[in-house]
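Below is one structure, written out as structure tokens, with a few remarks after it.
The values are calculated or read from the model by the stated rules, or taken from the named source; none is laboratory data. Bear in mind the structure is a predicted one, so any value in this text is a computation, not a measurement. Counting neighbours? That spans all protein chains shown, and the Cβs are built from the backbone with ideal geometry, glycine included. Accessible surface areas use protein heavy atoms only, side chains included; no ligands, DNA or RNA. Shrake-Rupley method; radii C 1.70, N 1.55, O 1.52, S 1.80 Å.
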Amino acid sequence: MRALVAILALGLVACSAQPEAEAQSTESEVIRVGEFQVVTKDQLGNELSDAYTDEELSVMLDSRPEELDCHGIAKQGGLVVCQTTPNARVEVGRSENDTYTQTADKNGIIIVGFDRDEPAAFVRVGDARVDFDITPREYDTSRIDGLPKNMVSEYTAEELKKIRAASALKKVGFASKVEDIGFEDGFIYPVTEHIKTTNFGAQRILNGDPKRPHFGVDLAAPKGTPILAPADGIVSLASEEMYFEGSLIMIDHGQGLISYYLHNEDVMVADGQRVVQGQQIGTVGSRGRSTGPHLCWRLKWRGRNLDPELLTAWPAKDAQ
Ligand SMILES: [Zn+2]
């Protein structure tokens, strides 16, 4: 509140040379500036361009109180969307010794995702800080036996070459950071009728050996079942040359929130293509390391593995 008063004072200083009546009407507009943290300098300029010079507007914007408001799913595998000052430098951390800095977009929006085993998290902009109470989740154990050895542990030189080529492609796909956020209303299921066979985060045991956890949600459906984009986005990878995945589609839903689709029979999109929620992107298959037709649906945000299914229950805007 103190900072708001400071803005008001600045506004008064800026209009001090103007007649009394005019100063009062611009004064109320200045208060609105303090309340609407989402306005950009451009929008503000249009609204108040008659009242202030660019320089005065810029001084007001720079001295606005730091605002930080997050809503979403603060859970392991979940994510929140935070609203702050446009282009603000936002510190995201697990502890004071483990932080990194990100920049909010031009509307002050920033996504923060929580890994499968995220222990704690906070977001900080200037003096404003939001701490998330991350409750540990319990994960299933998933055993698959009888997989061919060349899909689990032993690879020929030729196979290793294919594995390396595929992981180079994946790196490119995951590096995508589309600016527009395409999931404001959450996700729909990419396969409408399915039987879920594996939950996110299950501890995998392949042919008796513990492996990395399974980061996807497996949705079993007949071969050829349409796969739909769960939300708007840009395809950051569409490849049929993947060793383990068989074929792989990645969609960047904004700020590097990337959902991806494994083992597809058909790939119906191309790199760089814009897709909208509900648009068909491929069909269910069983290519690569797979034991039957299903979609392995995954979600990543800046190296963290998120649970895509959580986003089908994305909270409504007014239920924060
Ligand atoms: Zn899977």
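Here are a few things to note about the model shown:
- Residue, nearest to the ligand (Cβ to nearest atom), within region 239-249, restricted to residues that are touching a helix residue (DSSP H, G or I) at 6+ places or on another chain (Cβ under 9 Å) and farther than 17 Å from Asn305 by Cα: Phe244
- All conditions but one from (1) among the hydroxyl-bearing types (Ser, Thr, Tyr); (2) outside any loop (DSSP other than H, G, I, E, B); (3) touching a Pro at 6+ places or on another chain (Cβ under 8 Å) apply to Ser142; the one that does not is (3).
- At least 1 residues being within 21 Å of the chain's Cα centre (by Cα) and touching a residue at least 60 places away in the same chain (Cβ under 8 Å) is the threshold, and among the strands (runs of 3 or more DSSP E) wholly inside region 203-263 those reaching it are 216-220, 226-228, 233-242, 246-252, 257-262.
- Residue ID - surrounded by the fewest Cβ atoms within 10 Å (Cβ to Cβ), chosen from residues in region 213-238 that are within 12 Å of the ligand (Cβ to nearest atom) and of a type outside the set (Gly, Ala, Ser): Pro213
- Selection of region 128-169 for residues being under 22 Å from Glu118 (Cβ atoms), in contact (Cβ under 8 Å) with a residue 12 or more places away in the chain and out of contact with any Gly (no Cβ under 8 Å at 6 or more places or on another chain) yields Ala128, Arg129, Val130, Phe132, Asp133, Ile134, Thr135, Pro136, Thr141, Ser142.
- Scanning region 166-192 for residues that are outside any loop (DSSP other than H, G, I, E, B) and open to solvent by 70 Å² or more (accessible area, probe 1.4 Å) returns Lys171, Val172.
- Val275 meets all of the listed conditions (1) more than 16 Å from the ligand (Cβ to nearest atom); (2) farther than 30 Å from Arg137 by Cα; (3) open to solvent by 10 Å² or more (accessible area, probe 1.4 Å) but one, namely (3).
- Residue identified as closer than 25 Å to Leu206 by Cα and not basic (Lys, Arg) among Asp145, Asp133, Asp127: Asp145
- Number of the condition not met by Asp252 [criteria: (1) buried (at least 22 other Cβ atoms within 10 Å of the Cβ); (2) within 16 Å of the ligand (Cβ to nearest atom)]: (2)
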